[in-house]
Amino acid sequence: MKRLAFLSFTIATLIAPIQVQAQTGCVRFPQPPNPEAELRYLLSHPRAVVCPSSQPDPAGTARILEKGARDSAIANQRLRCSLSGRVC
């Protein structure tokens, strides 16, 4: 019973702040961002469209893209090392 109550509270907490914009058909996430909740929502709603931010943050976007590129390069290097059988 406690698990069910916790689960329903968790789901309500994750979904409640997400607003669906009826006139545009897109989803607007609250600020500050909660990447885990946003990812869960998008995975459970595969055809959801995210509204563009009303206040774009070019510096934040650049940081995110740089981090993604860096993480991808590290993962690719590890994969190449493991496929070749050497320790890097």
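The values are calculated or read from the model by the stated rules, or taken from the named source; none is laboratory data. All of these numbers come straight from a predicted model, not from anything done at the bench. All Cβ positions, even for glycine, are placed from backbone atoms using ideal geometry, and neighbour counts span all protein chains on display.
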Top-ranked residue of segment 43-78 - restricted to ones that are modelled with pLDDT of 85 or more, charged (D, E, K, R) and surrounded by 10 or more Cβ atoms within 10 Å (Cβ to Cβ), ranked as farthest from Gly25 (Cα to Cα) | Arg78
Does Arg40 qualify as being touching a helix residue (DSSP H, G or I) at 6+ places or on another chain (Cβ under 7 Å), in a helix (DSSP H, G or I) and at pLDDT 90 or above?
-> yes
